[in-house]
Amino acid sequence: MSNLVGRISETKLLKEALNSNKSELIALYGRKRVGKTFLIREVYKKHIKFELTGLHNGRLSDQLNIFSKELFVRKKETGDPEKPNSWFMAFTQL
């Protein structure tokens, strides 16, 4: 049972995107502390394989570094992660 209250239209939209036969991009925005992340996690909890939160106003190099470290941990590798120098390279690693 879901703990979501009053999010029927948002849940429907997210599920339609999940079941779509094409690539989908959903921009979710709103005030702080209203449950945006919780909504995504609840609707997609069985489907999320990789999750990352970036740094607010972080430099590109720091964002890429966090991405590569989290990916490295998820892959359960040893040694030092390969540091991407672009988002293209980062998503290729993913």
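The values are calculated or read from the model by the stated rules, or taken from the named source; none is laboratory data. On a predicted model such as this, the values are computed, not experimentally measured, just so you know. Here the Cβ is made from the backbone with ideal geometry for all residues, glycine too, and neighbour counts use every protein chain on show.
Of the residues making up region 72-87, not a single one is surrounded by 12 or more Cβ atoms within 10 Å (Cβ to Cβ) and at positive phi. Considering region 32-68, and only residues there that are β-branched (V, I, T), in contact with a helix residue (DSSP H, G or I) (Cβ under 9 Å, 6 or more places away or on another chain) and part of a helix (DSSP H, G or I), the residue that is farthest from Q93 (Cα to Cα) turns out to be V43.
You will find that of I66, I40, the residue that is within 24 Å of N3 (Cβ to Cβ) and modelled with pLDDT of 90 or more is I40 and no other. Out of all the residues in region 15-51, which are under 22 Å from F67 (Cα atoms), exposed (fewer than 10 other Cβ atoms within 10 Å of the Cβ) and basic (K, R)? Selection gives K45, K46, K49. Among the criteria (1) at pLDDT 90 or above; (2) in a loop (DSSP other than H, G, I, E, B), the one G6 does not fulfil is (1). Listed conditions (1) loosely packed, with under 11 Cβ neighbours inside 10 Å; (2) in a helix (DSSP H, G or I) are all met by T11, apart from (1).
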